[in-house]
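Since the structure comes first, as structure tokens, the remarks are kept for the end.
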Amino acid sequence: MNLHDQETWISTKHRASVMWVLVITTTAIVFDGYDLVVYGTVLPVLTRDPSQLGVISPQQAGALGSYALVGVMVGALASGAVGDYLGRRRMMLVNIIWFSAGMGLAALSTTVASFGAMRFLTGIGIGGLVATAGALIAEFAPTNKKNLYNAIVYCGVPAGGVLAALIAIVLRDNIGWRGLFWIGAAPIVVLLPLAYFKLPESPMWMLSRRNEFGARKIAERFGLPYPISCGPVPAEEVGAKVGFAALATRRYALTTVVLGLMSFGGLLLTNGLNTWLPQIMENKGYGATDSILFLLVLNGGAIVGGLVTSRMADRTGAQKIIPVTFGLAALSLVMLTAGFPIPVLLAFLAVAGLGTIGTQVLVYGLVSHSYPTSARAAGVAWCAGFGRLGGIIGPAFAGLLISVGARPNVAFYAFAGVAVLAGLVTFAIPRNNPMQRRGATVAVNAAAPYGIPD
């Protein structure tokens, strides 16, 4: 058995357990992407037809797009504050219920105010899911596939966007915008039972809480390799601060600031484009169906690009890949302002998806591997929460540009500028983070207790 195999699976039960974690967390994040994009697909309907919720101005439309993102920020920060204390599994179950309830209540809304309130409520559940999923996958993924598995999970965001765009194209005229939101409430029926029975608590988290008996019990029940998945608590974690308190320590403070700024830029681009791309393209003269197609291609490019670049990140490190993808985003967004034929525009949109949404996938992976177990959920929550400030500004800023009569190309230039700045910030990431130097040695040293030769 070679070292590569040792780092991956010790048994078929181990593999099956991790696959269930991967499926459950990815599905949860798919609905995050669905929620984000479904609003963009129904926005033209809501602004054209006052009988749905009332008269909605461009400024109000941008604000409604931001309400959910404010909720995401609140939910992510709240989840980070308690997730490293309560555990990954509990937080996942609670947030699945919360998110589903918010989507269902949004579908029942009859006024702009109630719809905005329910968008905020839904966002709280999404924020909790985003923060918890990153911590979970970082603690269950095999050492040599951490970036890939993280990318699979967070590619759920653009996958959910593709799902929302496809469903909107096929069903929006038949089931209306309320029907699209009811589909978003499906996790409480489909995902919650699956998570309840198949999602284990993280043995690594249990060990970080000094519950060695519980960690071993979970590892044995689910076939998890206790020494590899959650071996002895690393020296730098013994007596270490937990949760957000750890992020402000001298060891991690600069990392926390820089990663937060990167996430800010990535989510500003992600949410700004997903919210306003259909409307911007309609303003440029394209039809409603074509405009939704652009949204589909944007998210499809993010899925393919995110998976490809994540494999590269497993080999070279995400810090080397992220500046390149941000640069590709800036270039492709500028190219969208030219009068190219639709096939060429679609190609640039796919690259824009890779460089914006796909880059945010890499950022989450870098974040989840930059902190110890005792602060991992808080680290992901910080980046998801602070980053959502960018996500809030993105839709609101684009809405302001449209409301004052700015040409559609102005929004693309503004987004390209953000991509350039986010790429430059990446170079300030500290290169001496001890959490990014562990991993392979843990796997090698942990092999012996299972009878695997060193």
Completion exercise
If each part is reduced to its alpha-carbon centroid, the stretch 69-106 and the stretch 194-223 end up apart, in Å, by 21 Å
Practice task
Would you pull out the residues with amide H under 5 Å of Y252's amide H, same chain only if 5 or more places away, H placed 1.01 Å from N?
Solution key: none
Exercise for the section: Find the centroid of the Cα atoms in the stretch 115-135 and in the stretch 31-49, then give the distance between the two in whole Å. Expected result: 16 Å
Completion exercise
Here FRET efficiency (C-beta to C-beta, R90 to A338, R₀ 51 Å, nearest 0.05) is 0.50
Handout entry: Centre separation in Å (Cα based) which lies between the stretch 389-426 and the stretch 323-363
Key = 14 Å
Exercise for the section: Counting only trypsin sites (Lys or Arg not before Pro) that are in a DSSP loop and have at most 12 other C-beta atoms within 10 Å, tell me the longest site-free stretch of the chain. Expected result: 1-209
Completion exercise
For A106, the net charge from surrounding residues (Cβ-Cβ under 12 Å; K, R +1; D, E -1) works out to +1
Fill in the blank from the handout: Listed with the fewest Cβ neighbours within 10 Å leading, H14, H369 appear as H14, H369
Fill in the blank from the handout: Summing +1 per Lys or Arg and -1 per Asp or Glu among the other residues with Cβ less than 15 Å from K284's Cβ gives -1
Completion exercise
Computed, not fitted: 222 nm per-residue ellipticity of the chain from DSSP H runs ≥ 4 (each -39500 (n - 2.57)), nearest 500, equal to -26000 deg cm²/dmol
Fill in the blank from the handout: Those helices of the chain passing the 30 Å axial Cα length cut-off and the mean Kyte-Doolittle cut-off of 0.5 (DSSP H runs only) are 12-48, 58-86, 112-140, 253-283, 288-316, 376-403
Exercise for the section: Work out Dmax and Rg for the chain from the C-alpha atoms and quote the Rg first, both in angstrom. Expected result: 21.4, 70
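Every number here is computed from the coordinates shown, using simple stated rules; none is lab data. Computed from a prediction, not measured in an experiment: that's the story for all the values here. Note that each Cβ is placed from the backbone with ideal geometry, even for glycine, and that neighbours are counted across all protein chains shown.
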